[in-house]
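The values are calculated or read from the model by the stated rules, or taken from the named source; none is laboratory data. All of these numbers come straight from a predicted model, not from anything done at the bench. Here the Cβ positions follow ideal geometry from the backbone for every residue, glycine too, while neighbour counts run over all protein chains shown.
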Amino acid sequence: MTRRLPRSRRPGGKPPAGSRNGRQSPGRLRIIGGEHRRRLLPVLDSPGLRPTPDRVRETLFNWLATALPGARVLDLFAGTGALGLEALSRGARETTFVEHDGRVARQLATNLETLGASERGRVVTDDARAFLRGTPASFSLVFLDPPFRQGLADPCCAALEAGWLADEALIYLEVEAGLVPEVPATWLLHREVRAGDSHGRLYRRQAPSPGDDAC
């Protein structure tokens, strides 16, 4: 999962963030833990396509440590696949990556081959909303990091409740700072992390009781 940053979110006249503020230099993604720890993978030079900062990933995956072994993971708006690849490195059983940009999706597939993880990682070239209108498959962990300020978070959260989530699934949602997303009533806030112009929230889903309205 990788944020696509519109120009308005970058400080005027400054180059893209580099390793000094916690981000990898443009063009490289580093796996920070697990089986593929310290492996460097190429990413395309595409506007706004940058991995989630190392310190945010490290915090998030510390939270997820006990949930990752054997997890079935969905990485929506995957981009470089930084979070989905990290999950595979740390013991997830399988990850489905959804990325609408064909070039970015092909590079992600190549990186899975490089890691020898093609059998556990599936890349779907599709719009995330269109993907969620398809036949549901149950996931125990979802990474949801839509482009900021496009009104995508709330409808995607609602769509995930249509059969895409295991009873006690974990959902990591990252949105722009200041936005309070509207999530289904079954999602209980577990942890939060703030970094720059982003706010990450980790939710744990409670299975709705029969007859309850999940949304």
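One residue stands out in region 124-171 among those that are of a type outside the set (D, E, K, R) and on the phi > 0 side of the Ramachandran plot: the one that is farthest from the chain's Cα centre (by Cα), namely GLY163. Listed conditions (1) in contact (Cβ under 8 Å) with a residue 60 or more places away in the chain; (2) of a type in the set (Ser, Thr, Tyr); (3) over 23 Å from LEU85 (Cα atoms) are all met by SER138, apart from (3). Report, by residue number, each residue of region 100-130 that is surrounded by fewer than 19 Cβ atoms within 10 Å (Cβ to Cβ), in contact with a His (Cβ under 9 Å, 6 or more places away or on another chain) and part of a helix (DSSP H, G or I). Once the filter is applied, which keeps residues that are surrounded by fewer than 19 Cβ atoms within 10 Å (Cβ to Cβ), in contact with a His (Cβ under 9 Å, 6 or more places away or on another chain) and part of a helix (DSSP H, G or I), region 100-130 yields LEU115, ALA130. Among the residues making up region 67-91, those that are surrounded by 24 or more Cβ atoms within 10 Å (Cβ to Cβ) and charged (D, E, K, R) are ASP75, GLU86.
From the list THR80, THR66, the one residue that fits, being in a loop (DSSP other than H, G, I, E, B), at pLDDT below 95 and either out of contact with any Ser or Thr (no Cβ under 9 Å at 6 or more places or on another chain) or closer than 15 Å to ILE31 by Cβ (or both), is THR80.
Hey, could you check region 37-48 for residues that are surrounded by fewer than 20 Cβ atoms within 10 Å (Cβ to Cβ) and under 13 Å from GLY79 (Cα atoms) and say which is modelled with the highest pLDDT?
Step one: of region 37-48, the residues surrounded by fewer than 20 Cβ atoms within 10 Å (Cβ to Cβ) are 37-40, 42, 44-48.
Those still in the list that are under 13 Å from GLY79 (Cα atoms) too: 42, 44-48.
Values: PRO42: 92, LEU44: 84, ASP45: 75, SER46: 71, PRO47: 66, GLY48: 59.
Applying the filter and picking the extreme gives PRO42.
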